[in-house]
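Each value in this text was obtained by applying a stated rule to the coordinates, not by laboratory testing. Everything numeric in this text was worked out from a predicted model, so none of it was measured. Backbone-built Cβ (ideal geometry, glycine too); neighbour counts: all protein chains shown.
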Amino acid sequence: MSVNIAIDGPAGAGKSTIAKLVAKKKGYIYVDTGAMYRAMALYLHRQGVDPAGAESDDAAKAEEVKVKIVELCTKPDISIKYENGEQIVLLDGENVNGLIRSEEVSRMASVSSAVPEVRVRLVQLQQKLASESDVVMDGRDIGTVVLPNADVKVYLTASVEERARRRFKEQQEKGVECDLETIKKDIAERDHRDMTRKTSPLKQAEDATLVDSSDMTIEQVAEHILSLCK
Ligand code: DC
């Protein structure tokens with residue numbers, strides 16, 4: 001039986017950094033499920049789906065966008081492979097790693113990941129990966145839906161202020177102009193969407209360990225999670 005470690009939590013809590021580090025230390029595969037939702041979102045964006053429409057006050061318009069997403073989401077082939085330990089997401093065979101971190105794709109992913117038909121497809125792929133290999137998998141619903149029997153479950157969070165500060169610093173280091181208040185507002189909006197959607201909302205699994213990383217270093221968080229794996 002493969003060993004499965006599930007790490008869930010809100011955007012910007014440091015899940016991917018920590019999950020990668022834990023996977024490296026344990027010699028497991030790191031599975032970034034958000035990247036799969038992002039690849040689907042890129043496909044939908046390329047097909048001209050307008051994410052703003054899905055949240056429109058005009059119910060008919062919102063329904064039209066959802067129907068379009070349901071119809072389109074079965075079409076692309078999304079898979080992953082590993083090169084030098086790095087996860088590569090393939091959208092119809094194309095490596096899209098460099099294309100899925102833009103604001104438009106983030107926005108679309110937040111909207112399209114709320115559509116049950118999108119989740120069904122990607123959850124199947126995630127469960128297959130976890131049954132075949134020892135994995136550290138991060139996302140929003142890993143401990144609650146994807147791997148309810150995971151060996152270790154962690155709910156990793158940090159305050160909105162701290163997550164916004166980290167994102168701001170990251171963007172500044174990349175030379176991207178940004179505004180702390182806008183980032184804070186975006187994070188709060190994404191939290192709200194992820195936590196209040198009907199299908200697989202972000203929430204702490206009953207048997208998950210809560211880790212608040214606001215005042216912890218990356219190493220401290222990783223060590224803490226590794227201690228839970230013993
Ligand atoms: O973790 P991330 O920011 O790369 O995730 C992108 C989007 O996908 C985000 O809006 C949340 C959603 N997501 C999800 O609904 N379920 C997951 N298991 C992972 C991500």
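Summary of computed values
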quantity	calculated
3J(HN,Hα) from dihedral phi, the stretch 202-211, Karplus parametrisation 6.51/-1.76/1.60, rounded to Hz, x for glycine, proline	5, 7, 6, 5, 4, 9, 8, 8, 7, 10
Whole-number D in µm²/s for the chain (Stokes-Einstein; Kirkwood sum over Cα pairs; 10 °C, 1.306 mPa s)	88 µm²/s
Centre separation in Å (Cα based) which lies between the stretch 126-186 and the stretch 1-59	8 Å
Cross-link table Lys66/Lys169; Lys24/Lys203; Lys66/Lys203; Lys128/Lys169; Lys169/Lys198; Lys153/Lys198, entries beyond 30 Å C-alpha to C-alpha	Lys66/Lys169; Lys128/Lys169; Lys169/Lys198
Per-residue [θ]222 nm for the chain (sum of -39500 (n - 2.57) over DSSP H runs n ≥ 4, rounded to 500)	-15500 deg cm²/dmol
HN-Hα J in Hz across the stretch 72-80 - Karplus 6.51, -1.76, 1.60, θ = phi - 60°, x for Gly and Pro	7, 5, 8, 7, x, 9, 10, 8, 9
Relative contact order of the chain, defined on C-alpha pairs under 8 angstrom at six or more residues apart (%)	33 percent
Sequence-distant residues sharing a close amide H with Ser133 (under 5 Å, placed H)	none
Residues with amide H under 5 Å from that of Val211, placed H, sequence gap 5 or more	Tyr155, Leu156, Thr157
Alpha carbon Rg of the stretch 24-124, scaled by the compact-globule rule 2.2 N^0.38 Å	1.13
Three principal axis lengths of the stretch 116-226 [C-alpha, angstrom, descending]	41, 35, 26
Phi-based couplings in Hz for the stretch 47-54 (Karplus 6.51, -1.76, 1.60; Gly and Pro marked x)	7, x, 6, 9, x, 4, x, 5
Per-peptide average of other Cβ atoms within 10 Å, ordering 202-211, 173-182, 12-21, 57-66 highest first	12-21, 202-211, 57-66, 173-182
